[in-house]
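Student: Dropping a structure here in structure tokens format, bear with me for questions.
The values are calculated or read from the model by the stated rules, or taken from the named source; none is laboratory data. Keep in mind that this is a model prediction, so the values were computed, not measured. Don't worry about glycine lacking a Cβ; one is built from the backbone with ideal geometry, like all the others, and counts go over all protein chains shown.
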Amino acid sequence: MDLLPLVALASLPACLFFLLWYRKAIRSSRFPPSACAWQLVWNMSMSPLASLANLAQIYGPIFSLRVGALLIIVASSPETVMEILKTRDRIFSGRYIPSFYYKIIPHIEQSSVLGSRACNDDWKYIRRMCHDWLFSVKAIKQRNEVRERKMIEMEKNVLRHIVFATLANSMSSMMVSRDLIDIERECKGRNQRLMGFIEAIMLDVLGTPSVVDLFPTLDGLLGFWERRKATKLHQEFKSLWGKVIEERREEKCVREVPSQDLLDALIYNGFCNDNICALLMEMLVAGTFTSCITIEWLMAELIKNQGVLHKLQDEIENTIDGDINNASYGHMPYLQACLKETLRLHPPTLFGVPRRALETCTVKNYVIPKDSVILINNWALARDPVTWDEPLKFKPKRFLESKLELKGNLQFEFIPFGAGRRICPGLNSATAHIGRIVSLLVHCFDWVLLEGINQNDLNMTEKLVLTVYMKEPLSLIPRSRT
């Protein structure tokens with residue numbers, strides 16, 4: 001009898017250990033199924049897109065993986081995505097951007113649409129200003145002249161460079177009322193440098209998690225290197241926009257002129273040069289890179305599917321009444337279907353721009369902790385055989401027979417521009433630019449592959465960064481149709 005208290009006391013640590021283990025097991029079982037991060041990284045390095053297409057089948061519609069200090073939640077079904085982007089849109093309206101981005105320019109978040117961590121008043125103000133000057137129906141109509149003449153004068157070039165230069169000039173014209181690139185004289189110089197710079201931003205800044213985010217304890221060790229790299233990017237931003245901004249400030253000091261573009265509006269509202277540089281760069285990246293990639297994929301699919309190309313040419317000819325300037329994306333349903341099918345089969349961003357949970361909540365009865373990074377698996381959504389008939393085939397007619405829209409308000413199996421309060425503000429502007437450029441390209445020219453390349457041999461291999469673009473740039477020879 002005297003030994004009983006001693007036995008009870010001796011067993012107390014074991015009981016406490018069991019209770020702690022049981023509590024941890026119960027709590028962990030409420031989290032989404034966990035994938036092995038390093039195994040996924042290894043598989044994706046071998047065959048990234050094939051691996052991504054199978055993730056939902058292996059782990060289900062929602063799963064988690066931990067990479068260093070980051071807990072990542074991946075949603076892969078329309079029902080799960082709807083709960084995240086619609087039912088709990090406020091909670092998941094936070095944004096995850098690698099911390100390195102915020103080191104480029106001090107207080108960059110105060111003048112950022114993409115990089116604002118939360119939908120605060122600064123974000124709403126900047127977004128509204130960008131909408132008014134760049135993305136509204138009025139702004140699009142006022143800047144409807146894309147560089148058709150300069151494109152037509154090009155006799156032979158890599159399609160990606162032509163389209164990028166046109167989009168870059170269109171965006172800069174709306175923002176600062178001048179071209180960035182002289183297409184006729186500088187297509188192989190400034191164009192390629194600027195395109196390379198934007199690709200570096202997409203890959204090194206936005207497309208790659210900061211090492212410090214993954215391993216915060218290394219901040220002291222790597223902080224100097226990151227600050228040095230950020231300073232270099234800061235200088236690149238200033239070299240691109242600094243002179244334009246100073247000239248405009250001097251012009252406004254000499255004479256009072258009303259606001260003509262986004263730059264005028266930013267100066268009038270008291271933004272400093274650094275923050276103006278950051279916002280202009282952000283809009284340039286968002287307004288050129290993904291649209292350029294989408295046009296290249298669309299043209300590649302048209303070359304491979306000649307029947308679709310001829311049907312699109314017929315629609316354009318029947319719509320424009322002999323004048324390509326009459327081309328209106330809104331009045332060409334087959335062109336709209338071709339664009340939607342391209343965005344489905346080749347989503348410009350594989351996971352969209354990552355979201356962040358502002359507070360702990362539940363999705364599909366799983367606990368999603370605060371500050372979790374949320375990825376929407378567009379790749380899995382677009383290839384779900386339950387939703388799509390022959391999902392790997394390019395079939396624009398599927399969108400002629402459905403009511404799926406680009407805005408993810410009612411349906412969530414197709415959301416190339418996102419949904420909710422973080423939906424891409426440039427949706428209308430992007431579709432208008434892409435539609436106008438593609439209608440010009442396919443109406444004015446017959447496009448021929450380089451000698452020795454058959455349309456069936458066209459290299460459609462994807463390259464994965466933050467976006468999915470053609471590993472081999474599409475090279476075509478234009479022949480006038482008039």
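Okay, residues lined up against (1) at pLDDT below 90; (2) surrounded by fewer than 22 Cβ atoms within 10 Å (Cβ to Cβ); (3) within 26 Å of residue 140 (Cβ to Cβ):
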position	(1), (2), (3)
253	yes, yes, no
258	yes, yes, yes
283	no, no, yes
303	no, yes, no
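Student: On the given criteria, is residue 476 assigned by TED's automatic domain parsing to the domain that holds residue 312, under 14 Å from residue 344 (Cβ atoms) and touching a Phe, Trp or Tyr at 6+ places or on another chain (Cβ under 7 Å)?
Tutor: On the way: assigned by TED's automatic domain parsing to the domain that holds residue 312: yes; under 14 Å from residue 344 (Cβ atoms): no; touching a Phe, Trp or Tyr at 6+ places or on another chain (Cβ under 7 Å): yes.
For residue 476, the condition - assigned by TED's automatic domain parsing to the domain that holds residue 312, under 14 Å from residue 344 (Cβ atoms) and touching a Phe, Trp or Tyr at 6+ places or on another chain (Cβ under 7 Å) - is not met.
Student: Still on this structure, please answer the following. Picking from 330, 287, 307, 270, which residue would you name as being outside any helix (DSSP H, G or I) and either crowded, with 22+ Cβ neighbours inside 10 Å or in the same structural domain as residue 142 (by TED's automatic domain parsing) (or both)?
Tutor: Details: 330 fails: outside any helix (DSSP H, G or I); 287 fails: outside any helix (DSSP H, G or I); 307 fails: outside any helix (DSSP H, G or I).
Result of the check over 330, 287, 307, 270: 270.
Student: Still on this structure, I have one more. Any chance you could count how many residues in segment 81-134 are of a type in the set (S, T, N, Q) and assigned to a helix (DSSP H, G or I)?
Tutor: Keep residues of segment 81-134 that are of a type in the set (S, T, N, Q), which gives 87, 93, 99, 110-112, 116, 120.
With assigned to a helix (DSSP H, G or I) added as a condition, the list becomes 87, 110-111.
So the answer is 3.
Student: Does residue 399 count as assigned to a helix (DSSP H, G or I) and touching a residue at least 40 places away in the same chain (Cβ under 8 Å)?
Tutor: Numbers: assigned to a helix (DSSP H, G or I): yes; touching a residue at least 40 places away in the same chain (Cβ under 8 Å): yes.
Yes.
Student: Follow-up. Return a yes/no flag: does segment 409-425 have any residue that is part of a helix (DSSP H, G or I) and within 15 Å of the chain's Cα centre (by Cα). It would help to see each step written out before you state the result.
Tutor: Just the residues of segment 409-425 that are part of a helix (DSSP H, G or I), to begin with: 420-422.
From what is left, the residues that are within 15 Å of the chain's Cα centre (by Cα) are 422.
Yes.
Student: Continuing with the same structure: Quick check on residue 440: is it touching a helix residue (DSSP H, G or I) at 6+ places or on another chain (Cβ under 6 Å) and part of a helix (DSSP H, G or I)?
Tutor: On the way: touching a helix residue (DSSP H, G or I) at 6+ places or on another chain (Cβ under 6 Å): yes; part of a helix (DSSP H, G or I): yes.
Against the criterion (touching a helix residue (DSSP H, G or I) at 6+ places or on another chain (Cβ under 6 Å) and part of a helix (DSSP H, G or I)), residue 440 qualifies.
Student: Looking only at segment 90-110, count how many residues are under 19 Å from the mean Cα position of the chain (by Cα) and either within 18 Å of residue 352 (Cα to Cα) or crowded, with 22+ Cβ neighbours inside 10 Å (or both). So that I can check it myself, show each step before the final result.
Tutor: Residues of segment 90-110 that are under 19 Å from the mean Cα position of the chain (by Cα), as a first pass: 92-102, 109.
Next, only the ones that are either within 18 Å of residue 352 (Cα to Cα) or crowded, with 22+ Cβ neighbours inside 10 Å (or both) stay: 92-101.
Residues in segment 90-110 being under 19 Å from the mean Cα position of the chain (by Cα) and either within 18 Å of residue 352 (Cα to Cα) or crowded, with 22+ Cβ neighbours inside 10 Å (or both): 10 in total.
Student: Can you find even one residue in segment 380-388 that is closer than 18 Å to residue 298 by Cβ, outside any loop (DSSP other than H, G, I, E, B), touching a helix residue (DSSP H, G or I) at 6+ places or on another chain (Cβ under 9 Å) and touching a residue at least 24 places away in the same chain (Cβ under 8 Å)?
Tutor: For segment 380-388, residues closer than 18 Å to residue 298 by Cβ, outside any loop (DSSP other than H, G, I, E, B), touching a helix residue (DSSP H, G or I) at 6+ places or on another chain (Cβ under 9 Å) and touching a residue at least 24 places away in the same chain (Cβ under 8 Å): present.
Student: Considering only residues that are among the β-branched types (Val, Ile, Thr) and within 24 Å of the chain's Cα centre (by Cα), look in segment 369-406 and name the one that is surrounded by the most Cβ atoms within 10 Å (Cβ to Cβ). If you could, list the steps in order and put the result at the bottom.
Tutor: Going through segment 369-406, the residues among the β-branched types (Val, Ile, Thr) turn out to be 373-374, 376, 386-387.
Now drop any that are not within 24 Å of the chain's Cα centre (by Cα), which leaves 373-374, 376, 387.
Working: 373: 22, 374: 25, 376: 29, 387: 15.
Of everything passing the filter in segment 369-406, 376 is surrounded by the most Cβ atoms within 10 Å (Cβ to Cβ).
Student: Could you grab me the full set of residues in segment 333-361 that are surrounded by fewer than 23 Cβ atoms within 10 Å (Cβ to Cβ), in a loop (DSSP other than H, G, I, E, B) and at pLDDT 95 or above?
Tutor: Of everything in segment 333-361, those that are surrounded by fewer than 23 Cβ atoms within 10 Å (Cβ to Cβ), in a loop (DSSP other than H, G, I, E, B) and at pLDDT 95 or above turn out to be 358, 359, 360.
Student: Does segment 7-24 contain at least one residue that is of a type in the set (A, V, I, L, M, F, W, C), within 25 Å of residue 362 (Cβ to Cβ) and at pLDDT 55 or above?
Tutor: The initial filter retains those residues of segment 7-24 that are of a type in the set (A, V, I, L, M, F, W, C), namely 7-10, 12, 14-21.
Still in the list and also within 25 Å of residue 362 (Cβ to Cβ): 19-21.
Then keep just the ones that are at pLDDT 55 or above; that gives none.
Checked segment 7-24: no residue is of a type in the set (A, V, I, L, M, F, W, C), within 25 Å of residue 362 (Cβ to Cβ) and at pLDDT 55 or above.
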